[in-house]
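**Student:** Sharing a structure here in structure tokens format.
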Amino acid sequence: MERDWAKFFDERGAALLLYARQWTESLAEAEEAVQDGFVKFWTSRYRDAADPLPLLYVAIRQCALGRTRGRLRRVNREQRVAAEEADRVAWFEAPWEQEERNRTIEQALRSLPPDQREVLLMKIWGGLTFKQIGEVLGIPLNTVHHSKRGRPMKIANSGRVIQELF
């Protein structure tokens, strides 16, 4: 039995696209899943089935889920590589005699929560005032001062060499 697949797609394409869209991040990804699903169905032994619609839904679902899994694997891999790179990239460049000191400072900075690290970097290396830091972060000056109080001790516990910065 020969079908007019162009007509079939015109009639069913929007519903198939909507079906694929629920598992994809974007419309373009859903469109690709529908296209891949059609190709998968077309090349299967079931293409001459009496009722191809359920089989098309299965093929499109598999393609959409496969695309989503692939995207998530890629994102996870890229995040893992970026995190590994961030650990390898030195924050300071200095003569070799200062390398150990810089590593200690870097380790102490990495041990801080991101918001505290941000304030500290702006204050010490950026030379900003607490008022300016508050403006940059959109927080009141008192909040900046309050968060600063516990920081020197936490950093000192991470590496004594940083105490000289205060």
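The values are calculated or read from the model by the stated rules, or taken from the named source; none is laboratory data. If you're wondering where the values come from, they're calculated on a predicted model, not measured in any experiment. We place every Cβ from the backbone using ideal geometry, glycine too, and count neighbours over all the protein chains shown.
**Student:** Quick check on segment 38-51. Is at least one of its residues part of a loop (DSSP other than H, G, I, E, B) and modelled with pLDDT of 85 or more?
**Tutor:** Checked against the condition, which is being part of a loop (DSSP other than H, G, I, E, B) and modelled with pLDDT of 85 or more, segment 38-51 yields at least one hit.
**Student:** So, one more: Please enumerate the residues belonging to segment 37-55 that are surrounded by 16 or more Cβ atoms within 10 Å (Cβ to Cβ) and under 18 Å from K7 (Cα atoms).
**Tutor:** G37, F38, F41, P52, L55
**Student:** (1) surrounded by 11 or more Cβ atoms within 10 Å (Cβ to Cβ); (2) outside any loop (DSSP other than H, G, I, E, B); (3) not basic (K, R): which one isn't true of E25, the others all being true?
**Tutor:** The number of the failed condition is (2).
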